[in-house]
Amino acid sequence: MKKQLPAAIFWNESYLWGIWLYKALESINLKVDILSVEELEKLNIENYSVFFVPGGWSSNKLKVLNESTKEIIRKFVEEGGIYFGICGGAGLATEEGLGLVKVKKNKNRVPSFSGSFIATIKKEHPLFKNIKQYSKFYLFYPPDFEIKDTNSVKTLAWFLKPGEDAFSSDLPVVDFKNLWEEVETFYEIPLNPKRMIDKPVLMESSLGKGIVYLSLIHVDTPGDKNGLKILKNLSFLHKISMNKNTQNKKFIKEKDLESQQKIFLSTIQDFTFLVNELIILAERNFLLYRRYPFLYQWRRGIRGLEYLNLWIIFKELLKLLKKVKLKRKLVENLLKKFGEIIDDLNYFIEVSSILLIKERVNLSKGKLTYIETQDEEVKKIRENLFGKSKSYGGLYKKILDTLDYIFLKVLKEYNNSKEKLS
């Protein structure tokens with residue numbers, strides 16, 4: 001009989017998507033460890049049952065892996081482990097990435113679809129136990145996959161139609177049903193969700209003794225009951241061990257924290273407020289608006305996802321700091337690490353508030369994209385803050401990586417404290 005083991009989450013280059021996945025697995029009480037790239041030597045079938053790779057830029061995930069760590073992941077699957085990649089994590093497993101499956105990415109895709117959709121599922125597959133044949137799930141900026149070998153790769157779910165709340169770029173799908181040709185000409189990218197019909201959104205392939213799942217479905221979407229059902233079914237199917245303690249730890253009274261943690265908590269609280277003010281500024285100027293309790297929509301050309309990453313990481317870090325007591329030495333290390341980016345953060349927040357207003361003015365004049373603007377000052381500010389590529393760069397990447405380092409340290413302490421209570 002197969003031994004029950006915890007799951008592992010690969011953390012690097014995941015940010016808010018890693019937070020989503022961790023919280024989803026926590027909500028169904030699965031036992032998980034969080035592994036950074038430096039800890040991948042722990043990944044073997046004696047330690048873990050399933051290796052989860054959250055969403056995010058698959059190209060950035062690939063960059064942090066060397067040949068040795070790539071081989072560790074491949075060996076884990078070949079010897080009987082399960083790889084479950086979500087969106088960018090699924091992209092990492094393709095021929096352009098780790099080469100775990102005979103699947104390629106299509107460049108001519110609908111790049112900015114987000115929100116709910118109806119999927120047609122392979123009802124008899126155990127992953128879909130207690131899920132209806134045509135069910136609602138969520139996608140967020142998914143890649144488009146082309147299966148190169150239908151004998152080795154099985155499609156388990158297909159895109160049927162967009163939901164009423166879906167967007168393509170910053171356009172509500174429900175309002176643009178007869179205008180896609182016109183707006184595609186203006187936006188110069190594919191936008192019509194009809195291009196996605198019958199495309200695979202969940203695939204399964206074997207590799208050695210193991211299995212690779214490619215899920216464009218964001219099964220970790222906050223509040224998505226069908227997504228959680230897939231994760232629960234996966235846990236039973238592949239025997240992921242459970243935490244005995246089913247209750248989340250409650251907040252610790254601030255007076256019971258060590259003085260250094262109080263200082264750290266207060267500092268993070270201050271910056272959470274400042275980042276939230278940046279979000280409010282963008283909302284006030286119609287550049288962001290709240291689509292879901294957990295996610296905003298942004299105007300095309302605005303770095304909405306980048307701002308949301310900061311906002312969510314700060315909010316979740318603040319929650320964790322109220323749930324776990326940290327050792328003095330760790331807090332001192334984290335305070336020192338955070339101190340390295342305080343000036344950068346203050347500068348980023350100040351200049352971003354200027355940039356957002358300038359971008360609003362640019363939008364009223366005409367076309368604005370991530371890379372296209374007629375305003376040389378805006379272009380210079382953008383390159384300074386975010387770099388020249390669509391994926392994360394510039395000063396933002398330095399800030400984000402430092403925050404992610406801090407968040408991961410605190411999350412591990414929280415996760416370990418739950419283990420002790422189990």
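The values are calculated or read from the model by the stated rules, or taken from the named source; none is laboratory data. Not measured: the values here are computed from a predicted model. Here the Cβ is made from the backbone with ideal geometry for all residues, glycine too, and neighbour counts use every protein chain on show.
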| message | When you check Gly223 against the structure, is it at pLDDT 95 or above, farther than 22 Å from Leu403 by Cβ and in a loop (DSSP other than H, G, I, E, B), yes or no? | response | yes
| message | Just to be sure before I move on: is Lys397 assigned by TED's automatic domain parsing to the domain that holds Asn309, within 25 Å of Asn12 (Cα to Cα) and without any contact (Cβ under 8 Å) to a residue 60 or more places away in the chain in the structure I sent? | response | yes
| Which residues, taken from the stretch 146-163, are among the basic types (Lys, Arg) and either part of a strand (DSSP E or B) or surrounded by 20 or more Cβ atoms within 10 Å (Cβ to Cβ) (or both)? | Lys154, Lys161
| task | Can you give me the number of residues within the stretch 130-145 that are part of a strand (DSSP E or B) and either modelled with pLDDT under 95 or more than 20 Å from Arg109 (Cβ to Cβ) (or both)? | result | 3
| What are the residues in the stretch 184-211 that are polar (S, T, N, Q), farther than 30 Å from Ile72 by Cβ and touching a residue at least 40 places away in the same chain (Cβ under 8 Å), if any? | Asn192
| field | Complete set of residues in the stretch 103-124 that are surrounded by fewer than 17 Cβ atoms within 10 Å (Cβ to Cβ), in a loop (DSSP other than H, G, I, E, B) and touching a residue at least 24 places away in the same chain (Cβ under 8 Å) | value | Asn106, Asn108, Pro111, Lys122
| note | Filtering the stretch 1-23 down to residues that are more than 21 Å from Arg74 (Cβ to Cβ), in contact (Cβ under 8 Å) with a residue 40 or more places away in the chain and more than 12 Å from the chain's Cα centre (by Cα) yields Lys3, Gln4
| request: Filter the stretch 207-227 for residues that are of a type in the set (A, V, I, L, M) and either over 30 Å from Glu71 (Cα atoms) or in contact with a Cys (Cβ under 7 Å, 6 or more places away or on another chain) (or both) and give the result. | output: Leu216
| task | Among what's in the stretch 256-274 and is assigned to a helix (DSSP H, G or I) and among the charged types (D, E, K, R), pick the residue that is surrounded by the most Cβ atoms within 10 Å (Cβ to Cβ). | result | Lys262
| message | Take Glu181 and tell me if it is within 17 Å of Asn226 (Cα to Cα), charged (D, E, K, R), surrounded by fewer than 17 Cβ atoms within 10 Å (Cβ to Cβ) and more than 20 Å from the chain's Cα centre (by Cα). | response | no
| task | Six or more apart or on different chains, Cβ under 9 Å: which pairs go from a residue in the stretch 369-388 that's among the hydrophobic types (A, V, I, L, M, F, W, C) to one that's at pLDDT below 90? Could you list them? | result | Ile371/Lys388; Ile371/Ser389; Ile371/Lys390; Val378/Leu368; Phe386/Tyr370
